[in-house]
Each structure stands twice: as structure tokens, then as C-alpha cells.
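Read through the structure below, which is laid out as C-alpha cells, and then see the notes.
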Amino acid sequence: MVIVTHRNADVDSVAAAVTLSYALKLYSGTNFDVCVPEGADAVSRRVLSGLGFNIPESEKCSSRRVVFIDVSSPTQVEGVEFEECSLVDHHSVNTLVERCSPRIYDPSSKATSAILAEVLMLSGYAIPRNYATLLLAGILFDTRFLRIADSRLLRVTARLLDIGADLEEATHLLVQQEVPYAERVARLKSLSRMGIYVIGDRYIVTVTCVGAYESSSLKYSVEAGSDVAIAIASRDSVARITIRASGRFVKDVGTPVAAELAKYLGERLGGSGGGHEAAAGAAISRNYIRGLEKAIADFFELRGFKMRVLDRGRWMEECA
Ligand SMILES: [Mn+2]
């Protein structure tokens, strides 16, 4: 059995996977490998090595039986072959969950690392300090340093601190010291190509095309004023779509809008998608990029918002 994270795994995903592997080994005496399709992201690698953990491998994720950790859709584990699956996840839209059993699926939890910590504590496991710090880092990452929190999350966070999790070290490892040149170029390109649309009379939707660093670019798009920010990265025949929604917009519409949009675009444009209320992703067939603007307009029209163009930008030329 192999423990598999989502593609390009973030800190929440690797922290939960590495800790589950440790707990299962303690329980059964056998090894459970962790596999990260396409490798762990840069922050995850820094956190893992900073806390003395090995970086999990990224090849051979296929196995007769797999445990998916923090995975919300089949697209996120494309290429992983399996016969049976289990799953631990918290995404508000999950298109994989029905296929996996047993599963621990709790969309009200703020992080998969928090679910793992709760389950291990309830089962009476003593979580070693370095694993407690790792889970804390996973929680801090997914909640943007506890900005998205409820009393349940604060309770499990407090218990991790009680057993020795090091808040200062986790924070230090998570905070990016220096932004690499390529990432700064990607952010600026994404802004220069951006298309700007209005839905209803006051919400702004932006669409851009970037080769990499989608999350980083979208962060600035939302800070600059997007209510819904969409980035497209074309790779061969597939286009990856990453979506962020502002807190204000999520609150106003009252549904997991980023996840719903990702799912809608995925299904309509030859792929699949899913995610959280404010952060989601989809993969579509690249041939359908020219239909994207219409698909976005239709999605919002179904929710009562008419979409109009303020400035088309250059995203379509760059990505199609
Ligand atoms: Mn997560």
C-alpha cells in the first residue's frame, strides 16, 4: 500500500502523508511509502528538510491499494494506477471520495493535517515532537497562519503545542525569505496579460495566462482587487486552471464558489476539477481554451450574474 498526496503537494498534504506513514508503521510494523506525484512543492521541501524528514519520492505512485491524502479530484492524481483506495481529505468539493473506502472525509475541517492530528490523538498515539511541528506547519499553511480558523482548529492546534510542536520553527520554515527571479517575472507577466471582466455590477473576475507560479500570481491578482482570479497554464494538450476567490465574494455568494467554478469548467471543457471555497483547480483539454470565456460567463449567469468585458487583455493569445 502506498500513501499518495495530490500533485505538486503542498505542506498540508505532505505533513499529513508523512505522519500517517509513521503512525501506520508504528501500528503494523510494516513500511508505508509516501509518494508525491510530480514531487513536493518548494515550501514543502524546505519544511520537510528543515525538520529532518526525507523528501518523499515522486515516481511509482501506482499500487494495488493506495491511500489518498488531501486529494480532491482524480485529476490531481492523474497517472496513478490503483485497484482500491482509501482517503483522508477536507476539500469542500471532492470528486474522488465516493470511490474510496474506508475514508475520513470532513469538509468542515480546515486542514488534512488537523484531521490527522485529531484522529491520532483520539486513538491514543503519542505524536513525536517533530511530527507535531510538521502537522502544525500543515495547519498553518492551509489556514494562512490561522486566518481561517474555528474553535475546533484552535483546540487541535493548542494540543499540538502542548505536546511540543514548535510554532516559531514552523512559521520560520513556512515564510518565504526571498522570491526567486522566475517567480517575480511570472507574477508581472500574469498581471500584464490579464483580462478584466465584471459580473453583476460590482464583482471583478480576472483571467490570465502564466507558465508557472500560478498561486503566487493569483495572490497578487486578488490583492489588486479581483473577486475571482483565474490563471491558466498550458502544458502540451492539457491546460491547468487555478482559481482563487476573495473572502468578500465567498461570503456574499455563500457557496464554495471557487470549487464549483473549477468543477463546472472541468466538466464542460473536457477535464475535471474541484477544491475549496476560495481556492480550487481544474484541468481541461487545451483545445477548449477558446471556449473558456463563454464557460465562465455561463457559470456566473446560472448564479444570476451577467458578465461583461472591461478589458480582454492578452491571456487568450498567450494560452490558446
Ligand atoms: Mn489541504
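The values are calculated or read from the model by the stated rules, or taken from the named source; none is laboratory data. No experiment lies behind these values; they were computed from the predicted model shown. Because the Cβ atoms are built from the backbone with ideal geometry, glycine has one as well, and the counts that use them run over all protein chains shown. Protein only, heavy atoms only, side chains kept; ligands, DNA and RNA dropped before computing areas. Shrake-Rupley method; radii C 1.70, N 1.55, O 1.52, S 1.80 Å.
Apply the Karplus parameterisation 6.51 cos²θ - 1.76 cosθ + 1.60, with θ equal to phi minus 60°, to every residue of the stretch 71-78 and state each ³J(HN,Hα) to the nearest whole Hz, in sequence, with x for glycine and proline.
9, 10, 8, x, 4, 6, 10, 4
How large is the dipole of the stretch 1-154 about the Cα centre if only Lys and Arg carry +1 and Asp and Glu carry -1, each at its Cβ, rounded to the nearest 20 debye? Don't skip to the end; give the middle numbers.
Numbers: 14 positive and 18 negative charges, 89 e Å.
Its charge dipole is roughly 420 debye.
Show me the trypsin sites (Lys or Arg not before Pro) within the stretch 170-210 that DSSP assigns to loop and that have at most 10 other Cβ atoms within 10 Å of their Cβ. Intermediate results must be reported in sequence, preceding the final value.
Details: sites: ARG184, ARG187, LYS189, ARG193, ARG202; in loops: ARG193, ARG202.
For trypsin sites (Lys or Arg not before Pro) across the stretch 170-210 that sit outside H, G, I, E and B with at most 10 neighbouring Cβ atoms in 10 Å, the list reads ARG202.
If the reach is capped at under 22 angstrom between alpha carbons, list the lysines near LYS60, excluding any in the same chain fewer than eight residues apart.
By straight Cα distance, LYS60 reaches LYS25.
Restrict the search to the stretch 89-181; then list the GluC sites (Glu not before Pro) that DSSP places in a loop and that have at most 15 other Cβ atoms within 10 Å of their Cβ. Intermediate values should be presented prior to the final figure.
Values: sites: GLU98, GLU118, GLU168, GLU169, GLU178; in loops: GLU178.
Within the stretch 89-181, the qualifying GluC sites (Glu not before Pro) (loop, at most 15 other Cβ atoms within 10 Å) are GLU178.
Work out from phi, with θ = phi - 60° and the Karplus expression 6.51 cos²θ - 1.76 cosθ + 1.60, the ³J(HN,Hα) of each residue of the stretch 211-221, listed in order in whole Hz, and give x for Gly and Pro.
x, 7, 6, 4, 4, 4, 5, 5, 4, 6, 4
Note down the nm distance, to one decimal, between modelled labels 7 Å out along Cα→Cβ at ASP106 and at GLU169.
According to this spin-label approximation, the distance is 2.5 nm.
Hey, can you find the accessible area per residue of the chain for me, probe 1.4 Å, expressed in square angstrom?
On the way: 14770 Å² over 320 residues.
Per-residue accessible area for the chain comes out at 46 Å².
Give me the one-decimal nm value for the distance between modelled label points at LEU24 and GLU83, 7 Å along each residue's Cα-to-Cβ direction.
Simple spin-label model gives 1.6 nm for this pair.
When the scattering of the chain is computed by the Debye formula from its Cα atoms alone, each counted once and equally, what is log10 I(q)/I(0) at q = 0.08, 0.10, 0.11 Å⁻¹?
Here the Debye-derived log intensity ratios amount to -0.36, -0.56, -0.68.
Enter the angle in degrees (range 0 to 90, nearest 10) between the Cα long axis of helix 11-28 and the first principal axis of the Cα atoms of the chain, meaning the one along which they spread out most.
Around 30 degrees separate the two axes.
From the mean inverse distance of alpha carbon pairs (Kirkwood) and the Cα radius of gyration, derive Rg over Rh for the stretch 213-294. Write down the numbers at each step before the final one.
Numbers: Rg = 12.1 Å, Rh = 12.5 Å.
Using only Cα positions, Rg/Rh for the stretch 213-294 is 0.97.
Rounded to the nearest angstrom and ordered from largest down, what semi-axes does the equivalent ellipsoid of the stretch 181-319 get from its C-alpha gyration tensor (root of 5λ)? Numbers along the way, then the final one.
Details: eigenvalues 79, 59, 40 Å².
Its equivalent ellipsoid spans semi-axes of 20, 17, 14 Å.
How big is Rg to Rh over the stretch 143-223, alpha-carbon atoms, Rh as the Kirkwood inverse-mean-distance radius? List each step's numbers first, then the result.
Numbers: Rg = 17.9 Å, Rh = 15.7 Å.
My calculation puts Rg/Rh at 1.14.
For the stretch 2-174, state what percent of all Cα-Cα pairs lands in each successive 5 Å bin, counting from 0 Å until the bin that includes the largest distance.
Going out from 0 Å in 5 Å bins, the stretch 2-174 shows 2, 9, 20, 24, 22, 16, 7, 2, 0 percent.
Placing +1 at every Lys and Arg Cβ and -1 at every Asp and Glu Cβ, with all other atoms neutral, what dipole size does the stretch 184-320 have around its Cα centre, in debye to the nearest 20?
Working: 21 positive and 15 negative charges, 56 e Å.
Value, rounded to 20: 280 debye.
Over the chain, with a Gaussian network built from C-alpha contacts below 10 Å, which listed residue (ILE127, ILE163, ILE55) shows the highest mean-square fluctuation?
Judging by the Gaussian network model, the answer is ILE163.
List the trypsin sites (Lys or Arg not before Pro) in the stretch 81-174 that DSSP assigns to loop (not H, G, I, E or B) and whose Cβ has at most 13 other Cβ atoms within 10 Å. Which are they? Numbers along the way, then the final one.
On the way: sites: ARG99, ARG103, LYS110, ARG129, ARG144, ARG147, ARG152, ARG155, ARG159; in loops: LYS110, ARG144, ARG147.
Passing sites in the stretch 81-174 are ARG144, ARG147.
What does the charge dipole of the chain about its Cα centre add up to, to the nearest 20 debye, if the Cβ of each Lys and Arg holds +1 and the Cβ of each Asp and Glu holds -1? Don't skip to the end; give the middle numbers.
Details: 37 positive and 39 negative charges, 126 e Å.
The dipole of the chain has a size of about 600 debye.
For helix 112-122, report the angle its Cα long axis makes with the longest principal axis of the Cα atoms of the chain; keep it between 0 and 90° and round to the nearest 10°.
30 degrees
Per q in 0.17, 0.18, 0.20, 0.23 Å⁻¹, report the Debye log10 I(q)/I(0) for the stretch 1-90, using one uniform scatterer on each alpha carbon and no solvent.
The Cα Debye sum returns log10 ratios of -0.62, -0.70, -0.87, -1.15.
Wrap a convex hull around the Cα atoms of the stretch 12-58, take a quarter of its surface area, and give that in square nanometres.
Values: hull surface 12.5 nm².
Spelled out: convex hull of the Cα atoms, projected over all directions, averaged, 3.1 nm².
Per residue of the chain, what 222 nm ellipticity follows from adding -39500 (n - 2.57) for every DSSP H run with n ≥ 4, rounded to the nearest 500?
Details: 12 runs with 130 residues, N = 320.
It lands at -12000 deg cm²/dmol.
Among ALA15, HIS90, LEU51, which residue has its Cα positioned farthest towards the positive end of the charge dipole of the stretch 1-112, with +1 placed on the Cβ of Lys and Arg, -1 on the Cβ of Asp and Glu, and the dipole taken about the Cα centre?
LEU51
Quick one: angle between helix 181-192 and the longest Cα principal axis of the chain, in degrees between 0 and 90, rounded to 10, please.
Its long axis makes an angle of about 40 degrees.
Report, please, the projected area of the stretch 185-225 averaged over directions, based on the convex hull of its C-alpha atoms, in nm². Walk me through the intermediate numbers first.
Numbers: hull surface 10.6 nm².
Reported value for the Cα convex hull: 2.7 nm².
Taking LYS263 as the anchor, which lysines have their alpha carbon closer than 22 Å to its alpha carbon, excluding any fewer than eight residues away along the same chain?
By straight Cα distance, LYS263 reaches LYS110, LYS219, LYS251, LYS294, LYS306.
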